[in-house]
Amino acid sequence: MGLRERKKEETRIALSWAAIKLTVERGFDNVKVEDIAAEAGVSHRTFNNYFSSKGEAIAARHFDRAVQIADELRSRPDGEPLWEAITNAVFARFALGMREAERPADERWSAGVRLMTQHPEQRGEFLKAHTAALDVLAAAVAERTGTDADRDLYPHLVAGTVGAAILAAINLWLHGDAPAPFERLLRDALGQVAAGLPTP
């Protein structure tokens with residue numbers, strides 16, 4: 001990636017994190033695009049070069065994480081079993097994302113995230129991002145397994161299962177009475193899937 005492309009990607013990430021930060025702090029309906037642009041240190045016009053709405057800017061982190069997981073999966077050793085490689089790829093990218101966020105791990109932040117993810121407009125944008133994310137993951141799984149993402153069911157089943165495991169861990173952590181930290185829930189979810197989802 002050249003310098004210009006890297007700067008564009010940095011701006012895109014900064015706008016997405018700014019949208020998340022302000023929405024969590026103020027509520028979805030109390031944040032304007034102008035606020036997000038100002039928080040990221042760019043103009044309103046620059047925001048529009050990257051995103052069509054604040055909802056899209058927020059959901060971009062989910063799609064970007066899927067791209068990073070797919071790239072990480074492609075880089076895993078050839079001899080590594082598929083579900084081990086997937087688990088390692090997921091945790092490598094989630095750990096990076098958590099460092100990027102630099103978020104406070106307190107109840108106010110968690111409550112703000114819960115409200116943000118429940119907003120109807122945000123749910124729609126997240127669904128679009130999630131659908132695109134599954135396609136990216138399926139392509140990486142197809143490459144690793146020698147299948148065809150345009151013809152074969154397998155890579156889409158794997159990608160959908162990975163996506164479901166991630167969302168199950170996120171939802172239980174945010175909206176349920178989670179008995180463990182998010183990282184442990186996510187590892188447990190992927191472990192259960194890799195084991196064939198045996199009856200508890």
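Of all residues in the stretch 74-84 being part of a helix (DSSP H, G or I) and out of contact with any Asp or Glu (no Cβ under 9 Å at 6 or more places or on another chain), which is surrounded by the most Cβ atoms within 10 Å (Cβ to Cβ)?
The initial filter retains those residues of the stretch 74-84 that are part of a helix (DSSP H, G or I), namely 74-75, 82-84.
Of the ones still in play, those that are also out of contact with any Asp or Glu (no Cβ under 9 Å at 6 or more places or on another chain) are 75, 82-84.
Values: 75: 10, 82: 14, 83: 16, 84: 13.
Ranking the qualifying residues of the stretch 74-84, first place goes to 83.
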Worksheet, complete the sentence: Output for Cβ contacts, cut-off 7 Å, separation at least six or different chains, first residue in a helix (DSSP H, G or I) in the stretch 182-194, second open to solvent by 40 Å² or more (accessible area, probe 1.4 Å) and at pLDDT below 95, reads 182/173; 185/172; 185/173; 189/168
Discussion item. Is it the case, given these coordinates, that residue 41 is more than 21 Å from residue 117 (Cα to Cα), among the small types (Gly, Ala, Ser), open to solvent by 60 Å² or more (accessible area, probe 1.4 Å) and touching a residue at least 12 places away in the same chain (Cβ under 8 Å)?
Written reply: yes
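So, of the residues in the stretch 169-181 that are free of Cβ contacts under 8 Å to residues at least 60 places away in the same chain and open to solvent by 60 Å² or more (accessible area, probe 1.4 Å), which turns out to be nearest to the chain's Cα centre (by Cα)?
Initially, the stretch 169-181 is screened for residues free of Cβ contacts under 8 Å to residues at least 60 places away in the same chain, giving 169-173, 176-181.
Now narrow it down to the ones that are open to solvent by 60 Å² or more (accessible area, probe 1.4 Å): 171-173, 177, 179, 181.
Numbers: 171: 13, 172: 16, 173: 15, 177: 22, 179: 22, 181: 17 Å.
Here the answer is 171.
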Worksheet item: Since residue 104 meets every condition but one in (1) within 26 Å of residue 75 (Cα to Cα); (2) at pLDDT below 90, which condition does it not meet?
Response: (1)
Discussion item. So in the stretch 1-38, with the set limited to residues that are open to solvent by less than 30 Å² (accessible area, probe 1.4 Å) and outside any helix (DSSP H, G or I), which one is modelled with the highest pLDDT?
Written reply: 31
Response to the item:
When the stretch 44-73 is checked residue by residue, the ones that are open to solvent by less than 30 Å² (accessible area, probe 1.4 Å) and either of a type in the set (S, T, N, Q) or without any contact (Cβ under 8 Å) to a residue 24 or more places away in the chain (or both) are 53
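The values are calculated or read from the model by the stated rules, or taken from the named source; none is laboratory data. The structure presented is a predicted model; accordingly, all values stated were derived computationally and were not measured. Positions of Cβ are backbone-derived with ideal geometry, glycine not excepted, and every protein chain shown enters the neighbour counts. When the accessible area is computed, the model is the full protein with side chains, heavy atoms only, and any ligands, DNA or RNA have been set aside. Shrake-Rupley method; radii C 1.70, N 1.55, O 1.52, S 1.80 Å.
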